[in-house]
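**Student:** Let me give you the structure first, and then I'll get to my questions.
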């Protein structure tokens, strides 16, 4: 984490990194949607982020975890559901946009404070 000294910025930074990892997991699922026996995965970080926020311990925040996505396998043993992956991609993109907007807002507040406005 960057030594910003502000918990909001630390949360945003962690979330953006985890959301980027999640985007990679979803992209890997889509890329392997035709691979026999491939098991779709999900990345989870919200619980770890919530714990860090509750504890105020951002210096010891854990990493995101990858697990198998729920869902039935097709006849080839593949568990990727493209509809679910598209929804997950859209959800992830919206969360990334929200984090970028939060970062820009917080940066604007800090700039105003520095300028004495």
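The values are calculated or read from the model by the stated rules, or taken from the named source; none is laboratory data. These numbers were taken from a predicted model, which means no experiment stands behind them. Positions of Cβ are generated from backbone atoms using ideal geometry, with glycine treated the same way; all protein chains shown enter the neighbour counts.
**Student:** What are the pairs, 6+ residues apart or on separate chains, where a residue within the range 49-70 that is within 16 Å of residue 13 (Cβ to Cβ) has its Cβ under 7 Å from a residue that is not in a helix (DSSP H, G or I)?
**Tutor:** Matching pairs, first to second residue: 52/61; 58/1; 64/43; 64/44; 64/45.
**Student:** Within the range 15-48, can you find the residues that are in a helix (DSSP H, G or I) and touching a helix residue (DSSP H, G or I) at 6+ places or on another chain (Cβ under 6 Å)?
**Tutor:** 15, 16, 19, 22, 23, 26, 29, 30
**Student:** Let me spell it out: the conditions are (1) outside any loop (DSSP other than H, G, I, E, B); (2) in contact with a strand residue (DSSP E or B) (Cβ under 7 Å, 6 or more places away or on another chain), and residue 12 meets all of them except one. Which number is the exception?
**Tutor:** Going through (1) outside any loop (DSSP other than H, G, I, E, B); (2) in contact with a strand residue (DSSP E or B) (Cβ under 7 Å, 6 or more places away or on another chain) one by one, residue 12 breaks only (2).
**Student:** Before we move on, is residue 32 in contact with a strand residue (DSSP E or B) (Cβ under 8 Å, 6 or more places away or on another chain) and surrounded by fewer than 18 Cβ atoms within 10 Å (Cβ to Cβ)?
**Tutor:** no
**Student:** Taking the range 36-72 as the region of interest, how many residues are farther than 16 Å from residue 21 by Cβ, surrounded by 14 or more Cβ atoms within 10 Å (Cβ to Cβ) and modelled with pLDDT of 95 or more?
**Tutor:** 2
**Student:** For residue 95, are the conditions met, namely being within 15 Å of the chain's Cα centre (by Cα), surrounded by 12 or more Cβ atoms within 10 Å (Cβ to Cβ) and not in a helix (DSSP H, G or I)?
**Tutor:** no
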